[in-house]
Amino acid sequence: MTREQVKAALDRVLTWPTEAQEEAVATLEAIEKEFSGSVLLNADDRKALARSADDVKHGRFASEQEVREVFNRHQRR
């Protein structure tokens with residue numbers, strides 16, 4: 001997506017009814033909040049991250065082929 005496409009979409013929002021504009025702003029603010037700022041981790045989160053780091057350190061992760069096989073096995077047809 002280009003900057004021009006984003007600007008064009010935002011310009012169109014200004015033509016919407018007030019209620020729709022308010023919803024658009026709320027949605028954009030929620031997205032912005034999700035992608036910015038700090039995240040507070042609880043003890044369980046920190047333990048999970050430590051386990052993941054240990055798994056990577058010791059090479060305990062699925063190969064690309066193993067991941068592909070799982071996706072192929074579970075994809076909808």
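The values are calculated or read from the model by the stated rules, or taken from the named source; none is laboratory data. Predicted, not measured: the structure shown is a model, and the values here were computed from it. Cβ sites come from the backbone with ideal geometry, for glycine too, and all protein chains shown count toward neighbours.
When residues in region 39-58 are screened for being aliphatic (A, V, I, L, M) and either touching a strand residue (DSSP E or B) at 6+ places or on another chain (Cβ under 6 Å) or part of a loop (DSSP other than H, G, I, E, B) (or both), 3 of them pass.
Rundown of residues vs (1) under 20 Å from the mean Cα position of the chain (by Cα); (2) of a type in the set (A, V, I, L, M, F, W, C), yes/no style:
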position: Gln21; (1), (2): no, no
position: Ile31; (1), (2): yes, yes
position: Gly37; (1), (2): yes, no
position: Asp54; (1), (2): no, no
position: Ala62; (1), (2): no, yes
position: Phe71; (1), (2): yes, yes
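Does at least one position in region 33-44 carry a residue that is surrounded by 10 or more Cβ atoms within 10 Å (Cβ to Cβ) and modelled with pLDDT under 95? Yes, region 33-44 contains at least one residue that is surrounded by 10 or more Cβ atoms within 10 Å (Cβ to Cβ) and modelled with pLDDT under 95. Taking region 67-77, which residues are surrounded by 10 or more Cβ atoms within 10 Å (Cβ to Cβ) and of a type outside the set (A, V, I, L, M, F, W, C)? Within region 67-77, Arg68, Glu69 qualify.
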